[in-house]
Amino acid sequence: MRIEGSHILITGGSLGIGKATAKLLIEAGAKVAITGRNASRVEAAAKELGALAIVADVSSEADVKRTYSEFFAAFPRLDALVNNAGIGEHRELAGVTVDSFRAVWETNVLGAALMAREAAEAFKTQQYGNIVNIASTSGLRGYESGTMYVASKFALRGMTECWRAELRKHNVRVMLVNPSEVTTAFGSRDGIERPEKANKLRSVEIAHAIKGALEMDDRGFITDLTVFATNPF
């Protein structure tokens with residue numbers, strides 16, 4: 001895919017991996033829209049980056065439909081969707097509640113599916129497109145207290161395989177990126193980025209992985225890309 005001149009939609013684009021990815025893609029010549037639930041944060045990030053701000057919650061079907069209406073009002077086509085929006089909550093099994101489980105799944109699983117559903121319709125019309133789902137190494141193996149988050153990322157990995165099988169005949173590449181621990185605002189209710197650590201990944205490493213996967217010539221694609229810190233210990 002040629003980044004320069006492309007039109008890309010990134011969910012959860014006001015902080016962390018989403019914001020870093022938007023920055024790299026815009027610097028490479030892409031036109032980018034970012035979404036997020038916090039209006040002031042999304043608008044500030046969009047102004048800083050030179051992106052289109054769309055205030056929306058991916059778990060709301062009405063917001064998802066409006067997201068695409070606003071996107072196509074500003075841009076002539078969609079070349080790539082980066083499904084980055086996600087939340088995490090970790091509890092021991094005894095502490096899992098219906099509300100907490102539902103909140104994680106509605107964003108990480110339903111939200112990704114709703115965004116991909118609308119993108120897929122545009123891509124089938126164009127007979128071209130790219131979906132990059134941001135999962136996690138938590139989608140590769142479970143761990144203590146990970147029930148809700150791990151399950152959501154396993155589900156996203158499964159959906160990725162389904163969409164890939166369904167959309168390849170329409171020249172749509174569906175890719176999965178699995179970051180390990182990244183020093184972002186993930187898990188912070190106030191949206192405060194965690195300080196950088198020399199032995200941990202930064203958002204920019206994941207952004208480079210996403211950009212690199214998209215830049216491969218359209219005749220091929222990376223199915224799954226996992227990024228670990230070299231020596232996190």
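Quick look at the numbers
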| quantity | calculated |
| --- | --- |
| Residue that is modelled with pLDDT of 95 or more and farther than 27 Å from Thr125 by Cα, where the choices are Ala80, Ala46 | Ala46 |
| Scan of the range 1-32 for residues that are surrounded by fewer than 24 Cβ atoms within 10 Å (Cβ to Cβ) and assigned to a strand (DSSP E or B), ordered by number | His7, Lys31 |
| Selection from the range 214-230 of residues that are surrounded by fewer than 20 Cβ atoms within 10 Å (Cβ to Cβ) and not in a loop (DSSP other than H, G, I, E, B) | Glu215, Asp224, Leu225, Thr226, Val227 |
| Qualifying position, being touching a Gly at 6+ places or on another chain (Cβ under 8 Å) and assigned to a helix (DSSP H, G or I), among Ser138, Ser100 | Ser138 |
| Answer from Val204, Val172 - the residue that is more than 26 Å from Val42 (Cβ to Cβ) and surrounded by 12 or more Cβ atoms within 10 Å (Cβ to Cβ) | Val172 |
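Yes or no, residue by residue, for (1) modelled with pLDDT of 95 or more; (2) farther than 24 Å from Arg2 by Cβ:
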{"position": "Ala119", "(1), (2)": "yes, no"}
{"position": "Ile134", "(1), (2)": "yes, no"}
{"position": "Gly139", "(1), (2)": "yes, yes"}
{"position": "Tyr149", "(1), (2)": "yes, yes"}
{"position": "Leu156", "(1), (2)": "yes, yes"}
{"position": "Pro179", "(1), (2)": "yes, yes"}
{"position": "Ser188", "(1), (2)": "no, yes"}
{"position": "Ile206", "(1), (2)": "yes, no"}
{"position": "Phe221", "(1), (2)": "yes, no"}
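The values are calculated or read from the model by the stated rules, or taken from the named source; none is laboratory data. None of these values were measured; they are calculated from a predicted model. Heads up, the Cβs are rebuilt from the backbone with ideal geometry, glycines too, and the neighbour counts pull from every protein chain shown.
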